[in-house]
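What follows is calculated from the coordinates using simple rules that are stated; it is not laboratory data. Just so we're clear, the structure is a prediction, and the values are computed from it rather than from any experiment. Here the Cβ positions follow ideal geometry from the backbone for every residue, glycine too, while neighbour counts run over all protein chains shown.
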Amino acid sequence: MDLILPLFKNGFMSNEANMFFAVVLGFTFGFVLERTGFTRSQIIANTFYFKDIAVPKIMGVTVITTTTWFILFSYMGWLDMSQLFTPATYVWPYLVGGLLFGIGMVMAGYCPGTAVAGLGTGKSDALIFLAGLLAGAFVYMILYPYVADFASSSKLGVLKLHDLFGGNEYTSYILTVALETGIILFLMLLQKLTNKGEK
């Protein structure tokens, strides 16, 4: 059987259909975020205090579920893994960017996705967050010539788990499941200790 996934890259879906499904999935994602309560800033803020770890738990389960489908589709010959986009790794820019992102997220109680969904439900704090996000992006664009060298430093290229530990894509899958499961269990322990200490 010929490989059919990704649909758009392999010519099984037109550009118009690709955009249509992107919009539909985007609205569906926003609806799910709202129904699960993730558009409330307190939910995300509580994550950083280990009072409520629903967000990282769902993110971890989502990663495991998605990679499981990927590996199954690849095994069945339906998916060409080489055509999936994987960004290059820039060690120090990613660490600094992740730290800044985390600080902003714990201060505001939003990430970009939940903020957009929150704005759709009329939350004024989501609007303020998005205004700050756009202002920060504008400032970064202005300052980029001064930080360009740092932004492109410590590049390791496209790096996958099995590149570090040997093996193949199945090795990466096993390591991903183990890592995500370990993180979820560790956070559950921290949540239990935090809530126990407040009683």
Size of the dipole of segment 43-172 about the Cα centre, Lys and Arg at +1 and Asp and Glu at -1 on the beta carbon, nothing else charged, in debye to 20?
220 debye
Other residues with Cβ under 13 Å from the Cβ of Leu175 give, with Lys and Arg +1 and Asp and Glu -1, a net charge of -2
Would you mind calculating the relative contact order of segment 54-174 from Cα pairs under 8 angstrom and at least 6 residues apart, reporting the percent as a whole number?
37 percent
Among Thr65, Thr114, Thr39, whose mean-square fluctuation peaks in a Gaussian network model of the chain (Cα, cutoff 10 Å)?
Thr65
How many lysine pairs does the chain hold where the Cα atoms are under 27 Å apart and the two sit 8 or more places apart or on different chains?
11
